[in-house]
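Undergrad: Provided herewith is a single structure, encoded as structure tokens, for subsequent inquiry.
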Amino acid sequence: MLWRWAAIAGLLAAAPTSSTPAAQATSAVEHLRVEVLASYPHDTEAFTQGLELHDGVLYEGTGRYGESDLRTVEVRTGEVRDRVALPDAVFGEGITVVGNRIWQLTFQEEFAFLRDRRTLAETDRAEYTGEGWGLCHDPARHRLVMSDGTSQLTFRDPETFDRLGSVAVTQEGEPLTQINELECAGGKVWANIWMTDKIVRIDPGTGTVEAVVDASGLLSESERAGADVLNGIAAVPRTDTFLITGKLWPRMFRVRFSEARSAPL
């Protein structure tokens, strides 16, 4: 039985086809900083690939061959409550919740697991072409948004995983690549950019990066010694806050993205 995070229960309650525009106007990018509201322990053996908070339950998908899994986690302690391991030959990637089910991507195996949200058991699979990186559910548009490490976001049917369309992501008129873990929130797509301490906010209608979050400096020098890159972002429903962490990070943070005092050089 999945554990529910009672401590925040009071806070948590809360066109399918798109195409790349022929031309996208260059627009000013908002620069945001991270305001840390709380810090929690995180499993330093979790190679975090996907993070999502749904109905008070934190779901985390992890990667690496022979180590990948899908788990539920107690936020305040970092304790793993439920866990299902992936086959050793599969590298787990992004996850998202759709109703009573969970989609979980694979890196280069070209299929996604469909799982029961309560038991985490596999119920089906769906094939796709190319790599899988990040995934989120945009319920307002009844679609999934998927990244593959390129500058493209692909839209998929949340029931069948069929491809519905795509959009090219640009920042100040230039393609933005290495788009990794995703979170759909407030009609926007928030994305980790691999190998950086940056999170961006994307307009999924145009692919334009509207804001860049500087998430550097969250870990101390000693904590960074055993940690990998920033990856993992989960919106806290009915608030303006997020949970963020990274691969092999010792901590997870509850944060708010606020206006930066000045734009980075």
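Undergrad: Using +1 on the beta carbon of Lys and Arg, -1 on that of Asp and Glu, and nothing else charged, what's the dipole of the range 36-259 about the Cα centre, debye to 20?
TA: 560
Undergrad: When Met146, Met195 are ordered from fewest to most other Cβ atoms inside 10 Å of their Cβ, what list results?
TA: Met195, Met146
Undergrad: Determine, for Cys184, Cys136, the number of other Cβ atoms within 10 Å of each Cβ, and report the residues in order from fewest to most.
TA: Final ranking by Cβ density, sparse to dense: Cys184, Cys136.
Undergrad: Could you tell me the center-to-center distance, by alpha carbons, between the range 219-233 and the range 118-154 in angstrom?
TA: Each part's Cα centre sits 26 Å from the other's.
Undergrad: Among bridges DSSP assigns within the range 36-259, what percent are antiparallel (round to 5)?
TA: The answer is about 100 percent antiparallel.
Undergrad: Based only on other Cβ atoms within 10 Å, what is the fewest-to-most ordering of Glu183, Glu74, Glu35?
TA: With the fewest neighbours first, Glu183, Glu74, Glu35 line up as Glu35, Glu74, Glu183.
Undergrad: Per the helix-only calculation at 222 nm, which mean residue ellipticity applies to the chain, given -39500 (n - 2.57) for every DSSP H run of n ≥ 4 and division by its residues, nearest 500 deg cm²/dmol?
TA: 0 deg cm²/dmol
Each reported figure results from applying straightforward, stated rules to the coordinates on display, with no laboratory input. Predicted model only: the values in this text are computed from it and were never measured. A quick note on method: Cβ atoms are made from the backbone with ideal geometry, for glycine too, and the neighbour counts reach across all protein chains shown.
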